[in-house]
Amino acid sequence: AAWLSGLLEGEGYFQITKPRPNNPIQVLIRLSMTDKDVVEKAANLLNVPINCKAKTSEKKTIYSISLSRRDDVEKVLLQILPHMGSRRSQKIEECLEVIKERRKLLSETLKEKKVKAANIRWKKQLTL
């Protein structure tokens, strides 16, 4: 966790996407740099694929990774938080709050769907 924390402190970023009609708010951990071996090590730790961008920086290929699965993002954020500086810690806390709120919203939506389904079944039984 310490090595990854240092890498993300300096080279990574933590993104909260803006919600769109069919695309809910999302928290991402991203890393982009030209050092392929470093990105490969981070990708292996996070179990994510490496993206190779066509853009170049000083004629070097830019390698990037992105972690987006909510449970994985939350797990990594919680592991690296104790190692981060104040500015990054603040952003991570913000990301964790978004994940918490998103989970709460999904839970409430699931409960509403279950209640609606139960009401439909109940009404069908009454009409039989």
To the nearest 0.05, how large is the calculated FRET efficiency for E74 and N119 if R₀ is 30 Å and r is the Cβ-Cβ distance? 0.35
Could you order E101, E9 by accessible surface area, starting with the largest, using a probe radius of 1.4 Å? E101, E9
Multiply the residue gap between E94 and E40 by 0.36 nm, knock off their C-alpha separation, and tell me the result in nm, one decimal place. 16.7 nm
Above-threshold pairs, the threshold being 23 Å between Cα atoms, out of K18/K104; K41/K100; K75/K100; K41/K75; K75/K104; K36/K91: K41/K100; K36/K91
Fully extended contour minus Cα-Cα distance, from S107 to N22, at 0.36 nm per residue: 28.8 nm
Estimated dipole of the stretch 23-121 in Debye, rounded to 20 [Cβ of Lys and Arg +1, of Asp and Glu -1, Cα centre]: 400 debye
Between I50 and S86, how high is the FRET efficiency from 1/(1 + (r/R0)^6) when r is the Cβ-Cβ distance and R₀ = 41 Å? Nearest 0.05. 0.85
Accessible carbon and sulfur surface of the chain relative to its total accessible area, %, 1.4 Å: 51 percent
Divide by every residue of the chain the summed helix terms, -39500 (n - 2.57) for each DSSP H run of at least 4, and state the resulting mean residue ellipticity at 222 nm, rounded to the nearest 500 deg cm²/dmol. -19500 deg cm²/dmol
Using distinct alpha-carbon pairs, which all enter the 1/r mean, Kirkwood radius of the chain in Å: 17.0 Å
Taking K113 as the anchor, which aspartates and glutamates have their alpha carbon closer than 20 Å to its alpha carbon, excluding any fewer than eight residues away along the same chain? E101
Listed residues I29, A117, A2: farthest to the positive end of the dipole of the chain (Cβ charges): A117
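The values are calculated or read from the model by the stated rules, or taken from the named source; none is laboratory data. Because the structure is a prediction, the values reported are computed rather than measured. Using ideal geometry, Cβ is built from the backbone for each residue, glycine included, and neighbour counts are taken over all protein chains shown. Remember, those area values only see protein heavy atoms, side chains included, never the ligands or the DNA or RNA. Shrake-Rupley method; radii C 1.70, N 1.55, O 1.52, S 1.80 Å.
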